[in-house]
1. Using beta carbons and a limit of 7 Å, which pairs, at least six apart or on different chains, have the first residue in the stretch 48-65 and more than 19 Å from LEU8 (Cα to Cα) and the second one among the hydrophobic types (A, V, I, L, M, F, W, C) and outside any helix (DSSP H, G or I)?
2. When you scan the stretch 33-51, how many residues do you find that are small (Gly, Ala, Ser) and surrounded by fewer than 17 Cβ atoms within 10 Å (Cβ to Cβ)?
3. Just checking, how many residues over the stretch 6-19 are over 17 Å from the mean Cα position of the chain (by Cα) and either outside any helix (DSSP H, G or I) or of a type in the set (Lys, Arg) (or both)?
4. Just to check your reading of the model, which residue among LEU43, LEU3, LEU29, LEU22 is in contact (Cβ under 8 Å) with a residue 60 or more places away in the chain and over 21 Å from the mean Cα position of the chain (by Cα)?
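Every read-out reported here was derived from the displayed coordinates using simple, explicitly stated rules and does not represent laboratory data. The structure displayed is predicted, hence computed values, not measured ones. Positions of Cβ are backbone-derived with ideal geometry, glycine not excepted, and every protein chain shown enters the neighbour counts.
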Amino acid sequence: MTLTRDELESQAAEYQTRLSGLRSYMQELRETASRHGTDESLLQEDLHEAEHNISYYESEIARLRGEIGGAPSGGGGAGEGGGQLLQLLGRQGVGALALVSFGFAAGVVVGRLLNTRKGE
C-alpha cells in the first residue's frame, strides 16, 4: 500500500505541528529556567532530546515533501511498498513527544524547587 498525496500532506502537516510544538517547548523551557534561576546544565538532557526530535521532524517533513511531488492523487493499490513504513514512522514520534512533555513538567518542578530553596 502506498500513501496518496492527501495522506502524505496530512502527515507532513502533522509533523509541522509537532515541530512547532517542540520549538515552543524549548523556548518556554529556557525562559522558565531563566526566570527561576535554574542552571541550564540541569536541562541539557531535555534540551538535547528536543533538538534531536526537531531534527527528526525537519528531515521527515523534507522527505515527505519530496514524496508528495511523485505521489498519486488517488488511492494506492495493494501490494505496493512504502506505505507501511511511513505509518510506522508516524507512530514513532508520539512516544517521543510524550517523553518531551514529561521532561518539561519535571523541569518546571525542579525549577520551582530550586527557586523556593534560593528564597529561603
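1. none
2. The first filter runs over the stretch 33-51 and keeps only residues small (Gly, Ala, Ser), leaving 33-34, 37, 41, 50.
Now drop any that are not surrounded by fewer than 17 Cβ atoms within 10 Å (Cβ to Cβ), which leaves 34, 37, 41.
Within the stretch 33-51, residues that are small (Gly, Ala, Ser) and surrounded by fewer than 17 Cβ atoms within 10 Å (Cβ to Cβ) number 3.
3. Final tally of qualifying residues: 0.
4. On the way: LEU43 fails: over 21 Å from the mean Cα position of the chain (by Cα); LEU29 fails: over 21 Å from the mean Cα position of the chain (by Cα); LEU22 fails: over 21 Å from the mean Cα position of the chain (by Cα).
Only one candidate passes the filter, namely LEU3.
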